[in-house]
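The values are calculated or read from the model by the stated rules, or taken from the named source; none is laboratory data. Note that the coordinates shown come from a computational prediction; the quantities given were computed from them, not determined experimentally. Note: ideal-geometry Cβ built from the backbone for every residue, glycine included; neighbour counts use all protein chains shown. When the accessible area is computed, the model is the full protein with side chains, heavy atoms only, and any ligands, DNA or RNA have been set aside. Shrake-Rupley method; radii C 1.70, N 1.55, O 1.52, S 1.80 Å.
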Amino acid sequence: MLYLSTRGHPDRKHFCEILLEGLAPDGGLYLPERYPQVEPATLERWRTVFNGGAPGGYAALAFEILSLYVDDIPAADLKSICDKTYTETVYGTPQIVPLKQLEDGFYLEALSNGPTLAFKDMAMQLLGNLFEYQLARRGEELNILGATSGDTGSAAEYAMRGKKGVRVFMLSPHGRMSPFQQAQMFSLMDDNIHNIAIEGVFDDCQDIVKNVSNDLEFKRNYKIGTVNSINWARLLAQVVYYFAGYFQATASDTQKVSFAVPSGNFGNVCAGHVARQMGLPIAQLVVATNENDVLDEFFRTGVYRVRASADTHETSSPSMDISKASNFERFVFDLVGRDGARVKALFGETLYREGRFDLGSDPVFAEAASHYGFVSGKSTHADRLATIRDTFARFGVMIDTHTADGVKVAREHHNPELPMIVLETALPIKFAETIVEALGREPERPAKFEGMESLPKRVLVMPADTAAVQAYIADHCPRA
Ligand SMILES: *Cc1c(COP(=O)(O)O)cnc(C)c1O
């Protein structure tokens, strides 16, 4: 299996060559040359492999799926990487992604039982083990520099803590994360994890990361890398739980299901698109956005319009507060018939120049729904409160704000003939303030997080100054 760039670059690469990379050299995103097709016999065998989520089933399924995309890691090694990633110890349950029925034909798939209680663990935990393996094989080291307002940073730190050959330098806006999120990150005492609280907002953190990445000499000398959501391995890891959700919701491979996905950067639902292209019987992929409705606007009108920072709303489902959807280019590449020159013109030129492009009058736009199964909807703060209340009152289940966006939009598209699976992307404890607003009570807290806010913290506060961050990195890692 070889990978290409969505912008038409002629190079083709193997999985491990793109594992530690971000964008392709032409600014495009990596995708496989073709999607492996899962024949009915294979789907039937995978159902047996997953075995209803019996111990080891999820890891074995992950190995089957990854094997189709990874041809430069020996099978035995890939198998042991999957086995050590998806364990009951890490996820607290043998099924790893258990399905909860809310009512007939309407389910939640729990993706937030990992160490940081958000779905990003599903991919990041695998990435940690893949990075450690690949760096050891190459005799190299990597310094991961990232900016976070919450979920991504903590998922990256819990995935990379204690890993050989990897250091993490994570920038976050000083005093702006929830107490729970701060405690999660800053209580890590591992030598290879560096928390830097920047005196500024999230955009300041992101600007510093961009400045450092643009300093090519520094980047090379200090082996700077990232783990952002455009990483192909992260997306691939997410494909697995669409299959696992399907097997739990159906008794036979002739049935279809739909998935509803709380969306921001389009990483999660893009994995659903990949699963569907492989042949998983998915009827619809329901994209749910919050007030930051870049994606809903596209699927309704064909207009993709990036928002300015000033037009990006701070909402109570903050992990979906995006101004543009970084992974969206992958889907558009498929939508326009894998025409790299067209994608380059749309994303590299029109979008860059005008901040928008419009496929509304192009015949391919209709295929987003008719051929690829995409539909969408939007949810607001009031919708979240109402959905959290309704779900708790009727089913006794507490859901977080992001999952509430998913449930709200899923209901608008639910066809009673077809099971609807809403991806639960975080646990309510991470967003306690809104739960209290909705329900007048604190969310349940998993036992292992009891008293976490009073643990000692390790964090360095720094001004929003690129040179200062570079000096800190230089002080804390040997020069290559
Ligand atoms: C990151 C995140 C999302 C959005 O996922 P994308 O892959 O960016 O679309 C939704 N919910 C939660 C809780 C998240 O952390």
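One table, with the values for the structure above:
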quantity	calculated
Members of the stretch 319-346 that are within 18 Å of the chain's Cα centre (by Cα), more than 10 Å from the ligand (Cβ to nearest atom) and assigned to a loop (DSSP other than H, G, I, E, B)	323, 324
Which numbered condition residue 135 fails, given (1) farther than 18 Å from residue 430 by Cβ; (2) open to solvent by 10 Å² or more (accessible area, probe 1.4 Å)	(2)
Selection count where residues are buried (at least 19 other Cβ atoms within 10 Å of the Cβ), among the aliphatic types (A, V, I, L, M), more than 14 Å from residue 257 (Cβ to Cβ) and away from the ligand (no atom under 16 Å from the Cβ), scope the stretch 94-118	1
Unmet criterion (only one of (1) over 18 Å from residue 331 (Cα atoms); (2) surrounded by fewer than 23 Cβ atoms within 10 Å (Cβ to Cβ); (3) more than 16 Å from the ligand (Cβ to nearest atom); (4) not β-branched (Val, Ile, Thr)) for residue 305	(1)
Among the candidates 444, 450, residue that is open to solvent by 90 Å² or more (accessible area, probe 1.4 Å), in contact (Cβ under 8 Å) with a residue 40 or more places away in the chain and away from the ligand (no atom under 16 Å from the Cβ)	444
Test for residue 421: is it open to solvent by less than 70 Å² (accessible area, probe 1.4 Å), within 16 Å of the ligand (Cβ to nearest atom) and either more than 28 Å from residue 102 (Cα to Cα) or not in a helix (DSSP H, G or I) (or both)	yes
Filter result for residue 409 (crowded, with 24+ Cβ neighbours inside 10 Å and either assigned to a loop (DSSP other than H, G, I, E, B) or within 16 Å of the ligand (Cβ to nearest atom) (or both))	yes
Sole residue being in a helix (DSSP H, G or I), farther than 24 Å from residue 322 by Cβ and charged (D, E, K, R), chosen from 167, 137	137
Selection count where residues are open to solvent by less than 40 Å² (accessible area, probe 1.4 Å) and farther than 19 Å from residue 214 by Cα, scope the stretch 453-476	1
Neighbours by Cβ (under 6 Å, 6+ apart or cross-chain): first from the stretch 108-135, over 23 Å from residue 224 (Cβ atoms); second open to solvent by 10 Å² or more (accessible area, probe 1.4 Å) and part of a strand (DSSP E or B)	108/100; 109/99
Selection count, the stretch 22-42, where residues are in contact (Cβ under 8 Å) with a residue 12 or more places away in the chain and part of a loop (DSSP other than H, G, I, E, B)	14
Those helices (runs of 4 or more DSSP H) lying entirely in the stretch 201-314 with at least 1 residues in contact with a strand residue (DSSP E or B) (Cβ under 6 Å, 6 or more places away or on another chain) and in contact (Cβ under 8 Å) with a residue 24 or more places away in the chain	202-214, 232-249, 267-278, 294-301
Whichever residue in the stretch 424-441 is in a loop (DSSP other than H, G, I, E, B) and under 17 Å from the mean Cα position of the chain (by Cα) and, among such residues, is nearest to the ligand (Cβ to nearest atom)	425
